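**Student:** Take a look at this one; I'll ask things after.
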Amino acid sequence: MESEEDNFEDLFGEDPTVTKDPVAIPTPPPSRGASQVPLKKTGSWPLQRNGKISIQIDDTGEVELPDGVAGKPRHPILDLLEGAEKRWNDMVRRQSRTLPDAVKEYQKRYGRLPPKGFDKWFEFAKRHNVVLIDEFDQIDHDIAPYLALKPRTMQQRIGKLETHKDSFHLIFKDGNLTYTHTPTRDMTRITDIVGLVEDFAEVLPDMEVHASLHDTGSHVLREDYRKEATRKADERGYLSKENVTFFENKKTNPRKRVTKACLDDAPAVLQENGVLPQTTRGKSMELIQDHGRTMNFCHNPEILASHGAFIWDLARDSFLEPFFVGCKLAQGPEILMPALSGFSDSKSEALPAWSTRKAKAFWRGSTTGNHFTIKDWKRSHRIALHFLANTQEGQEAVLLEDAKKGLVSKSISRKELNERYIDIGLVGKPIQCEKKDGTCEEMTEKIDFKPRAAPNLGSQYKYAVDVDGNGWSQRYRRLLTSGSVILKATIFPEWNADWLVPWYHYVPIQMDYSDLYNTMTFFAGSPDGSSPGHDKLAEKISQNSVRFVKENWRWEDMQAYMFRLLLEYARLAADDRDAMTYKP
């Protein structure tokens, strides 16, 4: 009888020696996604492992040039904008035009052949004018660790999900699609996904897909587990039973919170253990370059203290469970699918001219993001945004362009900055708060709630903030079509995160909003008018985002993503993965 290891020969297009040792030295890995940004300098500014560039300020407010750089410093956002435009243009230019090219690119990126049905997927994608035909690295990120589970193990884990609470189940059988679900009052999430896949269900292999009815996934995957599983799959091998038991045994990693996902020397763990102090900005400033990396809380521990998703001290399990979700943490083991809540394919109305809009950042929202208690309600991301935007106290150091010095740091009162750049506030009344301990009452007293805004009020502004709620922001796609520049703060990667290029389609903002004022002064100019800003560059970003949604965030694009994802998943779930592999 053919062994499970033998099936890897055709799956990977060659006959390598299967490494049995779980800690053996790995062979050279695949490129694992050409769209990832390498660690390198952006212009003059060094990129840190946490995905940000750092600008150092001396005691006199002068901007310090990095080592080896001479002359006057220029604003780092100019470098970020130029790099983003090049990244987008290069991405579009390199896309495969033919099926053989797409297969070759797939092998180059992921070190294996595509799944069976890849030719049908390619025909579907081309027929529906999908532009980014090769950019599905998120699927590989989610799928790759599961390739290291033996098919029998994978099937057992899929079977256990049949009784998962708060879930729905898609059954593909003989070209037909049916579904079941646990009790729910809202069928929208189920019917939306069914509608997304029913057009191509007849050509999909038989399989059962289990998906969550909740907003987000709840688990994490240890970084060492992910690396070892991905390495094992790249080497055409499987994790042994002992491997899996070791990585999923709670005793091998006693940490209970989300930091269970981190390596022992990760900044988040060192900070949790008191080895590193809490993050402070000091005399440096940071701007995001690689937005995906900033969602890694192991290397960005400040988001653990600034996002509502981490306030509750909940135990987090770390194991490979192939559960489909619409939103998850970057270190989550779940399989990400397009989140359809808030999607609208209706024709857009004419947008107000850029020149008629206010040069301010606009946001209105409710107090979602956590269930608030008396000791921690001010820590959540939406609450913090409201208080920052409405404070009258304190100073903020911002970067300003200077004709003589190139770039300087200047301290400006938050009152002046907020009046000049910001129109942000919570609306309505406290929700998701604990009444028994007085939290709701205290929130009512301390928050100056604004009236609810008219639906079209945001279109009067050049800038729109988009921030997470309980999970991902359902407004994101709609805001990208609004003609405003989207200032995006999130910890949740979305299905098309590899497609949207920060600083070209939107502007990434840190979860502590420490770069919000720097971003606004760069684009809108200094409050006193001494630095004129870059209004035309902002307008260009707003145009890029509108065009992106029109051409790359259509119903058909999400169908193409789900089609390809389901082919990958069908191979994972099969008894014979070789038989479920595309043969060119």
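Just so it is clear, none of the values below were taken in a lab; they were calculated from the coordinates. If you're wondering where the values come from, they're calculated on a predicted model, not measured in any experiment. Cβ coordinates were reconstructed from backbone atoms using ideal geometry, including for glycine residues, and neighbour counts include every protein chain displayed.
**Student:** Given R₀ = 51 Å, FRET efficiency for E416-T182 by Cβ-Cβ distance, to 0.05?
**Tutor:** 0.45
**Student:** Separate question: To check you understand DSSP bridge types, tell me what percent of the beta bridges within the chain (both residues inside) are antiparallel, rounded to 5.
**Tutor:** Roughly 60 percent of the beta bridges in the chain run antiparallel, per DSSP.
**Student:** Moving to a separate point now. Between N456 and D206, take the C-beta separation as r, use R0 = 45 Å, and let me know the FRET efficiency to the nearest 0.05.
**Tutor:** That pair, N456 with D206, gives E of 0.40.
**Student:** Can you tally the net charge around Q95? Count Lys and Arg as +1, Asp and Glu as -1, for every other residue whose Cβ sits under 12 Å from the Cβ of Q95.
**Tutor:** Taking every other residue near Q95 into account, the sum is -1.
**Student:** Please tell me the relative contact order of the chain in percent, rounded to the nearest whole number, where contacts are Cα pairs under 8 Å and at least six residues apart. Before the final figure, lay out the partial values.
**Tutor:** On the way: 1034 pairs, mean separation 120.6, N = 584.
Over the chain, the number comes to 21 percent.
**Student:** Taking 8 Å as the Cα distance limit and 6 or more residues as the minimum spacing, I'd like the relative contact order of segment 354-553 as a percentage.
**Tutor:** Numbers: 334 pairs, mean separation 48.0, N = 200.
RCO, segment 354-553: 24 percent.
**Student:** Continuing with the same structure: For the charge dipole of segment 354-553, defined by +1 on Lys and Arg C-beta atoms and -1 on Asp and Glu C-beta atoms about the Cα centroid, which residue among P493, P455, N418 has the Cα displaced farthest towards the positive pole?
**Tutor:** Of the listed residues, the answer is P455.
**Student:** Let me ask something additional. Quick one: if the Förster radius is 35 Å, what FRET efficiency do A579 and S96 give, using the C-beta to C-beta distance and rounding to 0.05? If you can, show how the numbers build up before the last one.
**Tutor:** Values: r = 25 Å, r/R0 = 0.71.
The pair A579/S96 has a calculated efficiency of 0.90.
**Student:** Also, I was wondering about something else. Equivalent-ellipsoid semi-axes (√(5λ), Cα gyration tensor) for segment 416-575, whole Å, largest first?
**Tutor:** Values: eigenvalues 203, 134, 38 Å².
The answer is 32, 26, 14 Å, longest axis first.
**Student:** Find how many whole Å separate the alpha carbon centroid of segment 439-515 from the alpha carbon centroid of segment 251-278.
**Tutor:** Cα centroid of segment 251-278 versus Cα centroid of segment 439-515: 30 Å apart.
**Student:** For the chain, count all C-alpha to C-alpha pairs, find those more than 47 Å apart, and express that count as a whole percent of the total.
**Tutor:** 14
**Student:** Using the crude model of +1 on Lys and Arg Cβ and -1 on Asp and Glu Cβ, and no other charge, please compute the dipole size for segment 199-310 relative to its Cα centre, in debye to 20. Walk me through the numbers before you get to the answer.
**Tutor:** Numbers: 16 positive and 18 negative charges, 140 e Å.
Charge dipole, segment 199-310, about its Cα centre: 680 debye, nearest 20.
**Student:** For D119 and T163 in one chain, what is 0.36 nm times their gap in residues minus the Cα-Cα distance, to one decimal in nm?
**Tutor:** Numbers: separation 44, 0.36 × 44 = 15.84 nm, distance 3.41 nm.
Computed gain between D119 and T163 is 12.4 nm.
**Student:** Helix-derived [θ] at 222 nm for the chain: sum -39500 (n - 2.57) over DSSP H runs of at least 4, divide by residue count, nearest 500?
**Tutor:** After summing the helix terms and dividing by residue count, I get -9000 deg cm²/dmol.
**Student:** List the DSSP H helices in the chain whose Cα atoms stretch 24 Å or more along the helix axis and whose mean Kyte-Doolittle hydropathy is at least -0.5.
**Tutor:** Numbers: long enough: 76-93 (26 Å, -0.53); 535-552 (25 Å, -0.97); 555-573 (27 Å, 0.04).
The answer, listed by residue number, is 555-573.
**Student:** Here's something else I'd like to know. Which is farthest toward the positive dipole end of segment 472-524 among Y476, Y506, L516, measuring Cα position about the Cα centre, with Cβ charges +1 (Lys, Arg) and -1 (Asp, Glu)?
**Tutor:** Positive-most Cα among the choices belongs to Y476.
**Student:** Next question, about the same structure. Rounding to the nearest 20 debye, state how big the charge dipole of the chain is about its Cα centre with +1 on each Lys and Arg Cβ and -1 on each Asp and Glu Cβ.
**Tutor:** 1300
**Student:** Now for a different question. About its Cα centre, how strong a charge dipole does segment 354-553 have in debye, to the nearest 20, once Lys and Arg get +1 and Asp and Glu get -1 at the Cβ?
**Tutor:** 520
**Student:** What Cys residues in the chain are without a partner cysteine, judged by a Cβ distance under 4.7 Å?
**Tutor:** C327
**Student:** Of W88, L287, G428, whose Cα points farthest to the positive end of the dipole of the chain (charges on the beta-carbon: +1 Lys, Arg; -1 Asp, Glu; origin at the Cα centre)?
**Tutor:** So the residue furthest toward the plus end is G428.
**Student:** Here is a further query. In whole angstrom, how far apart do the alpha carbon centroids of segment 315-377 and segment 150-202 sit?
**Tutor:** 23
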